[in-house]
Amino acid sequence: MDQSLAQGQGQDRGTDILQRPLAPPLPPRGLLRLGPIGRRRLSNFTANKRGFWSLILFLILFTLSLFAEVIANDRPLVISYKGEILLPLFHNYPEEKFGGFLAETDYRDAVIAQEIEANGWMIWPPIRYSYQTINRQLPTPAPSPPTWMLSKEQCASAAARFGGTQKDQGCQSIEWNWLGTDDQGRDVLARLIYGFRLSILFGLILSAISSAVGIAAGAIQGYFGGWIDLVSQRIIEIWSSLPHLYLLIIVSSIITPGFFVLLGILLLFSWVALVHLVRAEFLRARNLEYVKAARALGLTDAAIMVKHVLPNATVATLTFLPFVLNSSITTLTALDFLGFGLPPGSPSLGELLLQGKSNLQAPWLGLTGFLVMAIMLSLLVFIGEAVRDAFDPRKISD
């Protein structure tokens, strides 16, 4: 009797289990294949509208600047000359090919342009100046104001001096400099596009290398502790207390500055920024249970640091990276402004600000440089705030 009752109860439980609703299916992981925590972080990031749209705008501007040679260049993109298709963007053609005698063709030369137009056609970039092209047909002495600020008489005078064919159309008959020129007759807009790209690339490379060095140093300090941490901490404190800017100026005045030389000089000091953050994370994690369990299982110190402790420290590091990038760009601009940065002629935002200071009668120089710097740094700060919100553990656990 009891056995049959137990069998009946077992059948009832089995029927109940079969009748229970199944667990809801997991949502699709999407193209990024994020886990639940990753999706929550992405949701937190997109919830910060200011940071999200700053990232979109920043990516658009940076992507466009990567194609600066296609947007602003003193060479045509494509030439059809006597039935032959030429690509001056990727190949240096001697002027002899077009009836001249120079080793490199000046496509802005009126004689060369007429020769090509008579035997084919040219497709120019939207801005017919590179960052180092000097406009020798300025309507006013350099620095020349933006063309839209010129009067009709000034444009007509320039068209008459340089042989404009449609002198009665005012400023439409001369080449435009939308943001004016600097004191050497170079187009400001072209230099801004190239300078923006150079600043971002410099900042990204410097941030990546300095972060790698800083994370490695902080991880070794925090994980091993003891005398390694003690000695390293004292060295970093002494190194951090040195006047960085003055040392950078002294080193830059001794060594000929260049892109990679400046990168190496700034790397001497920028790696310290993340050391304290990573060291604190490793100091906290080294005595936690999962690290002790990994040691008991026989994992090497390197494996524990890389596979188990570093992922937890990555969160704090990622939230700090946009501000490291901001600092790198600001330092490069400051050195260029002081004249100890990139070589003369480089498309630098700091050099444009310096020209604005030296030419107060040309406010478009300082204003454009300031606005580009302000917008670029503001976008990075907003992105950094959104990243910080995305990785905030309190918001993830809500």
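With the biggest extent put first, the Cα atoms of the range 188-391 measure 71, 38, 22 Å across the principal axes. The rule of thumb for compact globular proteins, 2.2 N^0.38 Å, goes into the C-alpha radius of gyration of the range 70-183 1.14 times. Using every pair of distinct Cα positions in the chain, the Kirkwood expression returns a hydrodynamic radius of 26.2 angstrom. Screening the chain for DSSP H helices whose Cα atoms reach 24 Å or more along their own axis and whose mean Kyte hydropathy is at least 1.0 gives 49-66, 188-224, 310-338, 363-390. Taken about its Cα centre, the range 240-398 carries a charge dipole of about 440 debye when Lys and Arg each add +1 at the Cβ and Asp and Glu each add -1 at the Cβ.
So for the chain, taking the charge dipole from beta-carbon charges (+1 Lys/Arg, -1 Asp/Glu), which of Thr314, Leu89, Ala374 sits furthest toward the positive end? Final value for the positive-end residue is Thr314. Percent of accessible area on the chain owned by carbon and sulfur, 1.4 Å probe? Solvent-exposed carbon and sulfur of the chain make up 65 percent of the total.
Charge dipole (Cα centre; +1 on Lys/Arg Cβ, -1 on Asp/Glu Cβ; no other charges) of the chain amounts to roughly 1220 debye.
Can you tell me which of Phe98, Phe196, Phe67 moves the most in a GNM of the chain? Springs connect C-alpha atoms under 10 Å apart. So, out of Phe98, Phe196, Phe67, the one fluctuating most is Phe98.
For the chain, the solvent-accessible area works out to 56 Å² per residue, with a probe of 1.4 Å and every protein chain left in place.
Mean-square fluctuations from a GNM of the chain, with a 10 angstrom spring cutoff on Cα atoms, peak among Gly298, Gly384, Gly366 at Gly298.
Rounded to the nearest 500, the 222 nm mean residue ellipticity of the chain from helices alone is -19500 deg cm²/dmol, with -39,500 (n - 2.57) taken per DSSP H run of at least 4 residues.
Ranked by the mean number of other Cβ atoms within 10 Å of their residues, highest first, the peptides 68-80, 139-151, 347-359 fall in the order 347-359, 68-80, 139-151.
The values are calculated or read from the model by the stated rules, or taken from the named source; none is laboratory data. No experiment lies behind these values; they were computed from the predicted model shown. Cβ: placed from backbone, ideal geometry, glycine included. Neighbour counts: every protein chain shown. Just so you know, the surface numbers come from the protein's heavy atoms only, side chains and all, with ligands and any DNA or RNA stripped out. Shrake-Rupley method; radii C 1.70, N 1.55, O 1.52, S 1.80 Å.
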